[in-house]
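Visitor: Mind having a look at this structure? Questions to follow.
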Amino acid sequence: MNRIEKEKKTIYLMINIYCKKKHRHNDGLCEDCNELLTYAHKRLDFCKFGNDKSFCSKCPIHCYKKDMKVKIKEVMKFSGPRLLIYSPIQFLKHIFE
């Protein structure tokens, strides 16, 4: 699995945790979270660094629109620590990359 696919999996897990806990949405993602996931995946698809990319927070190019950047930061802040509980293997992979 390449770097972009790993990032997509991680962001899906984080948005899924966020949606279930914050929006109480247990059957897939709510409309807002689905929109954010689609946007994040599209940004990853068009990342100019490809498989050589670092974490988005360390990237010199910020490709998220301002409102989406605020949303994704909120999701990551909430879901990052919870990833350890819900998907410890993915958490460790994410930390050590």
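Visitor: In terms of Cα to Cα distance under 18 Å, which aspartates and glutamates are near enough to Lys21, apart from those fewer than 8 places away along the same chain?
Guide: Glu31, Asp32, Glu35, Glu74
Visitor: Evaluate the charge dipole of the range 3-96 about its Cα centre and quote only its size in Debye, nearest 20, assuming +1 on the Cβ of each Lys and Arg and -1 on the Cβ of each Asp and Glu.
Guide: 300 debye
Visitor: Taking the dipole about the Cα centre of the chain, with the C-beta of Lys and Arg at +1 and of Asp and Glu at -1, give me whichever of His23, Cys56, Thr10 is farthest to the positive side.
Guide: It is Cys56, whose Cα lies furthest towards the positive end.
Visitor: Between Cys63 and Asn2, what is the label-point separation in nm under the 7 Å Cα-to-beta-carbon projection?
Guide: Between Asn2 and Cys63, the label points sit 1.2 nm apart.
Visitor: Please order Ser54, Ser87 by the number of other Cβ within 10 Å, starting at the fewest.
Guide: With the fewest neighbours first, Ser54, Ser87 line up as Ser54, Ser87.
Visitor: Next up: Measure up Lys22/Lys73; Lys8/Lys73; Lys9/Lys66 against 18 Å on the Cα-Cα distance and list the ones that go over.
Guide: With Cα atoms farther than 18 Å apart: Lys9/Lys66.
Visitor: Take Met68, Met76, Met14 and order them by how many other Cβ atoms sit within 10 Å, fewest up front.
Guide: By the 10 Å Cβ count, ascending: Met68, Met76, Met14.
Visitor: Note down the magnitude of the dipole of the range 1-44 about its Cα centre, charges +1 on Lys and Arg C-beta and -1 on Asp and Glu C-beta and zero elsewhere, to the nearest 20 debye.
Guide: 220 debye
Visitor: Report which label in (1) 6.4; (2) 5.5; (3) 6.1 holds the value of mean projected area of the Cα convex hull in nm² derived from the coordinates of this structure.
Guide: Computing mean projected area of the Cα convex hull in nm² and matching it to (1) 6.4; (2) 5.5; (3) 6.1 gives (3).
Every number here is computed from the coordinates shown, using simple stated rules; none is lab data. It should be emphasised that the depicted structure is a prediction, and the values quoted were computed from it without experimental measurement. When we count neighbours, we look across all protein chains shown, and the Cβ atoms used for this are built from the backbone with ideal geometry, even at glycine.
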